[in-house]
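**Q** Pasting in a structure now, in structure tokens, and then I'll have a few things to ask.
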Amino acid sequence: MSTMVSRAEENRVKAAYDKRDESIPENFYSLLKVPNLLRVQELERKLARVLTRSEHQPVTNKKILEVGCGCGLWLIEFLRMGARPENLAGVDLLEERIADAKQLLPRAATLRCGNSELLDFPDGSFDIVFQSMLFSSILNRKSRRQIASEMLRVLAPGGTILWYDFFLNNPFNADVQGLRKKDIAECFPNCRIQLGATTLAPPLARSVSRNSAVLYWLLSAVPFLRSHYFGSITPRKPVS
């Protein structure tokens, strides 16, 4: 991958997050806001269901990496599900988010600031590699493919990539881009991709959940009102 392309995309992403931090209220994603809480609760159930049906439960001895970990909230979720701190790792491009993650997570967890196009871990290091809302922030297709390649490289044999990201474009935010299944397949060739639509579209969720959590759950069950994919990606076994 061209270093120039990589550095240019890295700088664009950093600038986009700086702009977002200036324009979005500090508590915009707080779990004290009902739509955020309902979304996370839905994802927690789906994550538990995927892990229960896979070979990765219990997660006690599983090595888990989150690529684009932010302040580490999903790593904390894996802790709640039984993962050991020393088996958790997170990488994020932004130093301030890694600093926040170090405040929240046990010291035994490995947290590194860096570009996910080159993960500083040996081949086959992790049983689970998780990404949430990272790929939609990367507009350069070569960068996406390189990050996906690195995720596959550090995945252990029999391991699973867990994916959560939106597939609908946000007309009010040109710094992100939704990924359809064909885009994901381009990033992860020769993989079995099992993704289902989830998450009530955020603008609608923020509107209806002010009045009724029940209405939120009813609408979130309607497929065409969903905006994200959640599921697993696993490398196909080579034909012998």
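**Q** Starting from the Cα gyration tensor of the stretch 70-132, take the square roots of the eigenvalues, sort them a ≥ b ≥ c, and report rounded, prolate or oblate (rounded when a/c is under 1.5, otherwise prolate if a/b is larger than b/c, else oblate).
**A** oblate
**Q** So, one more: Sort Met151, Met133, Met81 so the one with the fewest other Cβ atoms within 10 Å of its own Cβ comes first.
**A** Ranked by crowding around the Cβ, least crowded first: Met133, Met81, Met151.
**Q** Continuing with this model, one more query. Please compute the net charge surrounding Ala89, taking Lys and Arg as +1 and Asp and Glu as -1 over other residues with Cβ under 9 Å from its Cβ.
**A** Here the charged neighbours net out to +1.
**Q** Further question: Shape call for the stretch 150-240 from the C-alpha gyration tensor, a ≥ b ≥ c root eigenvalues: rounded (a/c under 1.5), prolate (a/b greater than b/c) or oblate?
**A** prolate
**Q** In the chain, how many lysine pairs have Cα atoms under 25 Å apart, counting only pairs 8 or more places apart or on different chains?
**A** Taking the Cα cut-off of 25 Å, the pair count is 20.
**Q** 222 nm [θ] for the chain, helices only, -39500 (n - 2.57) per DSSP H run of 4+, per residue, to 500?
**A** That comes out to -12000 deg cm²/dmol.
**Q** Report P(r) for the stretch 1-85: all Cα-Cα distances, bin width 10 Å, range 0 to the bin holding the largest distance, values in whole percent.
**A** Using 10 Å bins, I get a P(r) of 14, 32, 28, 24, 1 for the stretch 1-85.
**Q** Say we join alpha carbon atoms closer than 10 Å with springs in a Gaussian network model of the chain; which of Pro25, Pro106, Pro189 then has the biggest fluctuation?
**A** Largest GNM mean-square fluctuation: Pro25.
**Q** Any chance you could list P(r) for the stretch 80-199, counting all Cα-Cα pairs in 10 angstrom bins from zero, rounded to whole %?
**A** 12, 41, 37, 11, 0
**Q** Let me ask you something else. Can you list residues whose amide H is under 5 Å from Asn169's amide H, if they're 5+ apart or on another chain and H is modeled 1.01 Å from N?
**A** Under 5 Å from the amide H of Asn169: Gly178.
**Q** Hey, what do the phi angles of the stretch 127-140 turn into as Karplus ³J(HN,Hα) couplings, whole Hz, using 6.51/-1.76/1.60 and θ = phi - 60°, x for Gly and Pro?
**A** Per-residue couplings from phi come out as 7, 10, 10, 10, 9, 9, 6, 8, 5, 5, 8, 9, 8, 7 Hz.
**Q** Apply the Karplus curve 6.51 cos²θ - 1.76 cosθ + 1.60, θ = phi - 60°, to the phi angles in the stretch 6-21 and return the couplings in whole Hz, x for Gly and Pro.
**A** 4, 5, 4, 5, 4, 5, 5, 4, 4, 5, 5, 6, 4, 5, 5, 4
**Q** Which stretch or stretches of the stretch 150-164 have amide N atoms under 20 Å from the point lying 7 Å from Gln57's Cα along the Cα→Cβ direction?
**A** Under cut-off, by backbone N: 158-164.
**Q** Among Asp21, Asp100, which comes first, then next, by fewest other beta-carbon atoms within 10 Å?
**A** Taking fewest neighbouring Cβ atoms as first place, the list is Asp21, Asp100.
**Q** How would Phe126, Phe188 line up from fewest to most surrounding beta-carbon atoms within 10 angstrom?
**A** Ordered by Cβ neighbours within 10 Å, fewest first: Phe188, Phe126.
**Q** A further question follows. Return the loop-located GluC sites (Glu not before Pro) in the stretch 1-103 (DSSP other than H, G, I, E, B) with at most 14 other Cβ atoms within 10 Å of their own Cβ; answer none if there are none.
**A** Glu26, Glu55
**Q** For a quick check, take a GNM of the chain with Cα springs below 10 Å and name the residue from Phe224, Phe167, Phe130 with the largest mean-square fluctuation.
**A** Looking only at Phe224, Phe167, Phe130, the largest GNM fluctuation is found for Phe224.
**Q** Of the residues Gln131, Gln146, Gln41, which exhibits the maximal mean-square fluctuation in a Gaussian network model of the chain defined by a 10 Å Cα contact cut-off?
**A** Greatest mean-square fluctuation among the candidates belongs to Gln41.
**Q** Based on the alpha-carbon gyration tensor of the stretch 3-235, what equivalent-ellipsoid semi-axes (square roots of 5 times the eigenvalues) come out, in whole Å, largest first?
**A** So the equivalent ellipsoid measures 25, 21, 19 Å along its semi-axes.
Every read-out reported here was derived from the displayed coordinates using simple, explicitly stated rules and does not represent laboratory data. What you are looking at is a predicted structure, and each value in this text was computed from that prediction instead of being measured. FYI the Cβ positions are ideal-geometry reconstructions off the backbone, even for glycines, and counts take in every protein chain you see.
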